[in-house]
Amino acid sequence: MSGPFDVDALAAEMAAARDAAESLAARPMAGLRAVRPGTGGLAWLVAFEGPAFLCLGADLRPVGSLARVRDVAQASLAAEVVEDMVDADALRALRAHVDILAPWRADMPAAVDALGRAAGAAEDLAEWRDAPERIVASLVAMDAAVGMQERAHAAYATFVGVTEPLVSRQDELDRELLAALASLEQAAGQAGLGASLGKVVGEGMGAIVEAADELAAAHLTPLH
């Protein structure tokens, strides 16, 4: 597929993949995901009760390569981890906190500017999460999401660093400012900006690889 993302075309392809997989397995599927690993083009990962799996190529035939099935499974599982950690509503909610802190911008311009950058990157990531392209588990898209989250995380870390000296002066600060900062901290935590998404995915790769191997072991057709 090229040009603008065509949801209808992909839906038709998914229906064809479902029919092919159910015909091969002689049973109804439990789940289907379009997957685009780093190389090799589009593939279809189909789950059945058991658990059991089929990986179909673009030609809707079972993939025979163990390495290819592992690549497809790892891409699907990694994309699922990223998508599960990206909450679009929580990310968009950060913008309101930029507005709330605006009255104190003259007192802490660097902090408010950093928060604005964090909110902007968070909005980009929220748009990514809600895009119809998420129907395809893509390593390229996952890398893009990690990059957006890293920008938001870094900008929020700058905000935290700039405002950290305020902690020792809490008794001197405006109560409304303290409440705004506390509310922001909670919102940033809900949006996941306190951690690096790339680091989380990296630390979870061992489990992803292990799960992909288990999936390959449950493939319904022989792999070599």
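Read the figures in this text as sums done on the coordinates, not as results from a lab. Values in this document were obtained by computation on a predicted structure and should not be read as measured data. Here Cβ is always computed from backbone atoms with ideal geometry, including for glycine, and neighbour counts include all displayed protein chains.
General remarks:
- For Cα extents along the principal axes in Å, calculated from these coordinates, the label among [x] 71, 35, 27; [y] 68, 33, 31; [z] 55, 32, 32: [x]
- Projected label points at Ala218 and Ala11, each 7 Å from Cα along the beta carbon direction, are separated by 2.9 nanometres.
- In the chain, the longest principal axis of the Cα atoms and the axis of helix 175-191 are about 10 degrees apart.
- Applied to region 38-52, the Karplus parametrisation 6.51 cos²θ - 1.76 cosθ + 1.60 on θ = phi - 60° returns per-residue 3J(HN,Hα) values of x, 9, x, x, 6, 9, 10, 10, 10, 9, 10, 4, x, x, 8 Hz, with x for Gly and Pro.
- Order by protection proxy (mean Cβ within 10 Å, highest first), peptides 188-195, 16-23, 83-90: 188-195, 16-23, 83-90
- Using the empirical formula 2.2 N^0.38 Å as the baseline, the Cα radius of gyration of region 85-205 reaches a ratio of 1.13.
- Value of relative contact order over the chain, rounded to a whole percent, pairs C-alpha under 8 Å and six or more apart: 26 percent
- Converting phi to 3J(HN,Hα) with the Karplus coefficients 6.51, -1.76 and 1.60 and the offset θ = phi - 60°, region 84-99 yields 5, 8, 9, 9, 4, 5, 5, 5, 5, 5, 5, 4, 4, 6, 4, 5 Hz in sequence order, with x at every glycine or proline.
- For the chain, the mean residue ellipticity at 222 nm estimated from helices alone is -20000 deg cm²/dmol, where every DSSP H run of n ≥ 4 contributes -39500 (n - 2.57) and the total is divided by all residues, rounded to the nearest 500.
- For Val98, Val140, order by how many other beta-carbon atoms lie within 10 Å, fewest first: Val140, Val98
- Helix axis angle, 7-25 relative to the chain longest principal axis, alpha carbon, degrees: 50 degrees
- Beta bridges per DSSP with both ends in the chain, % antiparallel, nearest 5: 75 percent
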